[in-house]
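Structure record follows, encoded as structure tokens.
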Amino acid sequence: AMGGGEVYLTGNKVSGAGTAIARLSGTAKIVHNGNSFDLAFDSFGDGDTTPSVLNGAHFRVANKKVTVITNFDDGYEGQRITVVFDNANTILDFTGASLRGNSVADWSPRPGDFMECVFDGKIWNCFISYAK
């Protein structure tokens, strides 16, 4: 057996099955039924300024009040995330130390805008896109 290192799972679901990978009697059980892994969107907690990205790679944001996101919690080096914005209540703080993008200016996405980010272990490097 090989030792050391860590394995990170994102989007831990398979179409038609509940869980893709689970622990079963001390071993890993992998479920694959011929379908591709779901790319379902997880959501950020309403008003969360540092939402966790531990449970996925695809997120939708629909804050009910103006919320300034300053960082993403629980990221791992090399992780890539996509975030879709459903309304105009979220602001991304690109002037701080944790998020890099938008030429170091805060960004207020509109409904349908999205961004993709990669975590280098310290900073989220983000590309933003405007919906038409």
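The table below gives the values:
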read-out	value
Net length gained if the chain between TYR130 and ALA88 were fully extended (0.36 nm per residue, minus Cα distance)	13.9 nm
Distant-in-sequence amide H partners of SER43 (H built 1.01 Å from N, under 5 Å)	ARG60
Other-chain or far-sequence residues with amide H under 5 Å of VAL68's (modelled H)	ILE91
Area of TYR76 that stays accessible when all protein chains are in place (1.4 Å probe, Å², to 10)	50
Cα shape, segment 43-132, gyration tensor, a/c 1.5 rule	rounded
Residues listed by number, segment 54-83, amide nitrogen under 15 Å from SER43 label point at 7 Å toward C-beta	59-65
HN-Hα J in Hz across segment 79-91 - Karplus 6.51, -1.76, 1.60, θ = phi - 60°, x for Gly and Pro	5, 10, 10, 10, 10, 10, 9, 8, 8, 9, 9, 10, 10
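The values are calculated or read from the model by the stated rules, or taken from the named source; none is laboratory data. Since this is a predicted model, take the numbers as computed values, not measurements. Counting neighbours? That spans all protein chains shown, and the Cβs are built from the backbone with ideal geometry, glycine included. To get the accessible areas, we keep the full protein, side chains included, count just its heavy atoms, and leave off ligands, DNA and RNA. Shrake-Rupley method; radii C 1.70, N 1.55, O 1.52, S 1.80 Å.
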